[in-house]
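Report on one structure; see the data block that follows.
FYI, it's all coordinate maths here, none of it is from the lab. The structure presented is a predicted model; accordingly, all values stated were derived computationally and were not measured. FYI the Cβ positions are ideal-geometry reconstructions off the backbone, even for glycines, and counts take in every protein chain you see.
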Amino acid sequence: VSAPEDLRGRKAPIELSATEFREMGYALVDRIARHFDTIAERPITPAESPDQVRRLLGLDQSIPTEGVEPRRLLEEVSEALFDHSLFNGHPRFGAYITSSPAPMGVLGDFLAAAINQNVGAWKLSPLATEIEAQTVRWIAEFIGYPTDCGGLLVSGGNMANFICFLAARREIAGPALRASGLGTDDASRLRIYASMNTHTWIQKAADLFGHGTDAIRWIPVDGKQRIDLTALEARVRHDREQGDNPFLVVGTAGSVGTGGVDALGEIGAFCRETGMWFHVDGAYGALAALVEGAPADLAGLKDADSIAVDPHKWLYAPLEAGCALVRNFEQLKNAFSYHPSYYHFEEEALNYFDFGMQNSRGFRALKVWLALRQVGAEGYRTMIADDIRLAAHLYKLVDAHTEFEALSHSLSITTFRYVPPDLDAQTGPDQRKNYLNSLNADLLTRLEQCGEAFLSNALVDDKFALRMCIVNFRTSLDDIEALPGLIARLGRESDADLRKSG
Ligand SMILES: Cc1ncc(COP(=O)(O)O)c(C=O)c1O
């Protein structure tokens, strides 16, 4: 047999020598350290258009045939990313629910990629699997949930909620569902109960998993923006009378718009009485459950059948890291486990392919676990409490300011809007409402473009509100105190331009 001799001392073009790797790695770490050190002095965003950004890459470039010198490549690309990105790690970034990445988490991701564990099976990732299991137990403990629950890390809040949704459905509909799908009468009439404040993952779940969005019963909210329990009870009763199959109630611990928390204890009691599954979307707020200053209703999440929690929100993990927790370990496995003939994995070991949608899985847990060890539960509770205190202070500042209307504060989200002091003299109520909505939408665009602060918006009682969400360990009191002045200046400019244009 003639051997392919050229493969004996194989030299793959993708390999880096230890010297190259070390030099490139050190230089990159230096650049990242400089970035963290100077982030507060830089604009949050270069506010470029999609066309401008696309042009940086060359519009008609096809895939390169030949490779390039790796040092230069990494240098060029890292500089480009530092110059053309929006930095959610900036102290004045307070949009959506996207945190500053913990530097320890950044290093954790680097290390995780280097050892490249496949955390689908214990045998392929022994220590990594156990670290993920410990991370899940620690997250449960941190929020006051039983630590013998089932759980796993996923990419984020949507995926964590999907995992819980599927576990709920399998448990309530029974094992036949996995073979016969939603074709049977009982399964086709499964119904979901959620408030209008529920995040859009619920529509995606109902749609993608075959129920259709019409299977969602949208329950109104009360004056405090919480799911209306009387309306919930009435709707479930009515649906049962019609032959429907109510199976899931979604409570929200920290709504995406205003940080509102449902009356979780009462929802839990209702679910226990009616045999329904109680799921809590705590992607944002669950992590504040045992934090001083957090809403008392969060205590009710300990009774949930499942909870979605996002380490990439209030544990400041770099994207991506979500976590699904299901009270009964077996119920999680029942929804996902399959054992193909080519698997040779010990049944008694923890094999994460058994617990979720992914087969091969990366080592997301490392960045979360490292940061939990770095600062401990107390460190996290202090940081979360500080975020809440800063949001509360912003509420007070805008409330005391003559050009703002403070609208809401819950957890670390504050909403408000700019109101020109002389507006009432000039307009009637309808005109006023429309004008203020347009004005604040325009103001937000100006704010996004200016690079000095970055907020997002919420609709609060039909009012277009500016919304600051602080899941940011870099935000300080100075940053909060700077906001009213900056936003009022942009508000005045916007108001003047809108009045001119008529
Ligand atoms: C309450 C809530 N649920 C779910 C999600 C979705 O999380 P992710 O964007 O990580 O998928 C969010 C995102 O902000 C959220 O606030």
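Descriptive notes on the structure:
- Hz values of 3J(HN,Hα) by residue in region 60-65 - Karplus curve (6.51, -1.76, 1.60), Gly and Pro given as x: 10, 6, 9, 4, x, 7
- With 26 Å as the limit, the listed pairs Lys224/Lys367; Lys224/Lys463; Lys433/Lys500; Lys224/Lys433; Lys204/Lys367 have Lys224/Lys367; Lys204/Lys367 beyond it between alpha carbons.
- For region 4-10, Karplus couplings with θ = phi - 60° (6.51, -1.76, 1.60), whole Hz, Gly/Pro x: x, 4, 5, 8, 5, x, 3
- Scaled against the 2.2 N^0.38 Å expected of a compact globular protein of N residues, the Cα radius of gyration of region 152-306 reads 0.99.
- Looking at region 1-91, the trypsin sites (Lys or Arg not before Pro) that sit in a DSSP loop and have at most 12 other Cβ atoms within 10 Å of their own Cβ are Arg8, Arg10, Lys11.
- Zero-based 10 Å bins, Cα pair distances in region 302-390, whole percents: 14, 36, 33, 14, 4, 0
- Counting every C-alpha pair in the chain, the share spaced more than 41 angstrom apart comes to 29%.
- Against the rule of thumb 2.2 N^0.38 Å, how large the Cα Rg of region 177-243 comes out: 1.21
- For Gly151, the residues whose amide H sits under 5 Å from its own are Val326, ignoring neighbours fewer than 5 places away on the same chain, with H placed 1.01 Å from N.
- Amide proton proximity set for Trp277, modelled H, under 5 Å, gap of 5+: Leu248, Val249
- In this label model, Tyr96 and Arg22 are separated by 4.0 nm, measuring between points 7 Å along each Cα→Cβ vector.
- Start at zero, step by 10 Å, and the Cα-Cα distances of region 357-498 spread as 11, 36, 26, 16, 8, 3, 0 percent across the bins.
- A convex hull fitted to the Cα coordinates of region 392-431 yields 63 cubic angstrom per residue.
- Ordering Thr258, Thr184 from the fewest to the most neighbouring beta carbons within 10 Å gives Thr184, Thr258.
- Note: region 141-203, Cα convex hull, 134 Å³ per residue.
- Karplus-based coupling profile of region 104-112, in residue order and whole Hz: 4, x, 4, 5, x, 5, 4, 5, 4, with θ = phi - 60° in 6.51 cos²θ - 1.76 cosθ + 1.60 and x standing for Gly or Pro.
- Exposed chymotrypsin sites (Phe, Trp or Tyr not before Pro) absent - longest run of the chain, DSSP non-H/G/I/E/B, at most 11 other C-beta within 10 Å: 1-337
- Spherically averaged projected area in nm², based on the convex hull that wraps the Cα atoms of region 214-290: 5.5
- Estimated D of region 271-354 in µm² per second, where Rh is the Kirkwood radius over Cα pairs and Stokes-Einstein applies at 10 °C, 1.306 mPa s: 105
- Annotation: Cα Rg of region 13-139 relative to the compact-globule expectation 2.2 N^0.38 Å equals 1.32.
- Candidate aspartates and glutamates - alpha carbon under 12 Å from Lys123, same-chain residues fewer than 8 apart omitted: Glu346, Glu347, Glu348
- DSSP beta bridges fully contained in the chain are about 60 percent antiparallel.
- Annotation: amide H of Arg217 within the under-5 Å range of Ile192, Tyr193, Ala194, sequence separation 5 or more or interchain, hydrogens built in the peptide plane.
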